[in-house]
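Reviewing the structure listed below.
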Amino acid sequence: MGLRFENIHYSYGSEAALKGISLDARKGEILCLLGRSGCGKSTLLNLTAGLLTMQSGTIRLDGEVLASPSRNPPPEKRNIGLVFQDGALFPHLSVADNIGFGVSGRAARRRVTMELLHQIGLPDVGGRYPNTLSGGQQQRVAVARALAPDPAILLLDEPFASIDVVLRRQLREETRRLAKRHGATTILVTHDPEEALEVADRIAVMEEGRITQVGTARELYDDPASLFVGLLVGNGTVLPARVTDGYAETSFGCFSLSGPTAGADAGEVDLLIRPHCAVLEADPDGSRIIDIRQTGRSQIVTLQRGGTDRLLLEIDVEPEWAVGQTVRIQPQDGPWPLFPR
Ligand code: ADP
Ligand code: MG
């Protein structure tokens, strides 16, 4: 149970924005919708919230039809909390009145507002007006306002995009905690992979109006469905190769394929090498290290082979290498995902 999208299509005029979205957000989970700007994330959220009218497909909440072409209840009848990039608080209402806006009954409104002001760490700002708060505080209030009526679903559309990076990390953490505490099924839209990895129980990757992969951060990292997904959710080096009989031949060596890729079809592929999946070993006949950058989390080593072939390889911080050494690449644990070209 939870929120279910069944074959959702949506077009603005002749331009198709959603091309058959089928997706489940499980009850109480935080699902991140991750994709580039323009891929259709907001369109899907706005259909769910009732800000756009369904053209085709069905959205269900706990099995019941929430929205379909023949059923489009207005936003306030959907039991959904919404937060946008700029909190869109009511400027003429106090913070407390903003938070309590959707709660019926005076006593309940007062109680819920006080509770939420404490939960967002702003117990003393209830009497102030939104324009006296910082951007981060306004977003906290917007999340509190969305959760106040105790919605079954919380929809967050890039809520931290305009907040500076340190505060953004803190707000993500807080929002995750709040959503879990209230038990709302949450969809967080973001174009920021780091945000998705930090906040989500599961991530749905969206590309040009389609969902191309759904899974935990770990599943997407270890077993990406495409090179696009692989590079979206983690660092790595792409090495062109020719596969034959369980081996991948590259200009930087010939590697035995292991795990699920061992039986890969012969042909031209791109290998994806994660930083912890390769080490360098000294080899007098190997490739020359012509540059090294220490990033703190890894070393980015530029290898040169022959006159022209160059490879930027990201590896673990230890052991440290030096410019001028000659090395070969040694595969480590874990398969190197590969993608036919
Ligand atoms: P995202 O939120 O992932 O950035 P959107 O859902 O806003 O993507 O947009 C998806 C596609 O639909 C984009 O190509 C965008 O240009 C187009 N689009 C969005 N809103 C409108 C609109 N009101 N009229 C026409 N085209 C739109
Ligand atoms: Mg958007």
*Output the relative contact order of the chain, whole-number percent, from Cα pairs under 8 angstrom with separation of 6+ residues.*
16 percent
*Once phi is turned into θ = phi - 60°, what whole-Hz ³J(HN,Hα) does the Karplus curve with 6.51, -1.76 and 1.60 give for every residue of segment 92-100, x standing for Gly and Pro?*
8, 10, 5, 4, 4, 5, 4, 5, x
*Could you do me a favour and compute the accessible area per residue for the chain, 1.4 Å probe, result in Å²?*
48 Å²
_Positive dipole terminus of the chain, leading residue within Y10, N46, H92 (C-beta point charges)_ = H92
*Per-residue HN-Hα couplings for segment 62-72, Karplus 6.51 cos²θ - 1.76 cosθ + 1.60 at θ = phi - 60°, whole Hz, x for Gly and Pro?*
6, x, 7, 5, 8, 7, 7, x, 9, 9, 10
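At 1.306 mPa s and 10 °C, plugging the Kirkwood radius over alpha-carbon pairs of segment 3-232 into Stokes-Einstein gives what diffusion coefficient in µm²/s? Kindly include the intermediate steps, with their values, before the conclusion.
Values: Rh = 18.0 Å.
Estimated diffusion coefficient is 88 µm²/s.
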*Looking only at G263, G230, G50, which one moves most when the chain is put into a Gaussian network model with springs between Cα atoms under 10 Å?*
G263
_For a quick check: with amide H placed at 1.01 Å from N, whose amide H comes under 5 Å from G286's, ignoring anything fewer than 5 positions away on the same chain?_
V327
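Taking a 1.4 Å probe, which of R297, R128, R172 shows the most accessible area, and what order do the others take after it? Display every interim value, and only then the final one.
Working: R297 205, R128 100, R172 5 Å².
Sorted descending by solvent-accessible area, the residues read R297, R128, R172.
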*Accessible carbon and sulfur surface of the chain relative to its total accessible area, %, 1.4 Å*: 48 percent
*For M206, list long-range residues whose amide hydrogen, built 1.01 Å from N in the peptide plane, is under 5 Å from its own amide hydrogen.*
L34, G35, T212
*Hey, how many Å between the Cα centroid of segment 285-328 and the Cα centroid of segment 30-52?*
41 Å
*Would you list, by chain and number, the lysines whose Cα falls below 21 Å from the Cα of K77, excluding same-chain residues fewer than 8 positions away?*
K27
_For the chain, what does the helix formula give at 222 nm: sum of -39500 (n - 2.57) over DSSP H segments with n ≥ 4, over the residue count, nearest 500 deg cm²/dmol?_
-7000 deg cm²/dmol
_Highest mean first, how do 100-109, 204-213 rank when packing is the count of other Cβ atoms within 10 Å averaged over residues?_
204-213, 100-109
*Whole-Hz Karplus ³J(HN,Hα) for segment 233-246, in order, using 6.51 cos²θ - 1.76 cosθ + 1.60 and θ = phi - 60°, x for Gly and Pro?*
9, x, 6, x, 10, 9, 10, x, 8, 10, 8, 9, 6, x
*Given the options R78, R328, R202, state which has the largest fluctuation in a GNM of the chain using a 10 Å cut-off (strictly under) for Cα springs.*
R328
*Enter the accessible area of K19 (Å², nearest 10), with the probe set to 1.4 Å and all protein chains included.*
70 Å²
_Distant-in-sequence amide H partners of S258 (H built 1.01 Å from N, under 5 Å)_ = W336
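Report the relative contact order of segment 74-158, percent, no decimals, based on alpha-carbon pairs under 8 angstrom and at least 6 residues apart.
Details: 113 pairs, mean separation 43.1, N = 85.
Worked out over segment 74-158, it gives 51 percent.
The values are calculated or read from the model by the stated rules, or taken from the named source; none is laboratory data. Predicted, not measured: the structure shown is a model, and the values here were computed from it. Note that each Cβ is placed from the backbone with ideal geometry, even for glycine, and that neighbours are counted across all protein chains shown. SASA here: full protein model, heavy atoms, side chains in, ligands and nucleic acids out. Shrake-Rupley method; radii C 1.70, N 1.55, O 1.52, S 1.80 Å.
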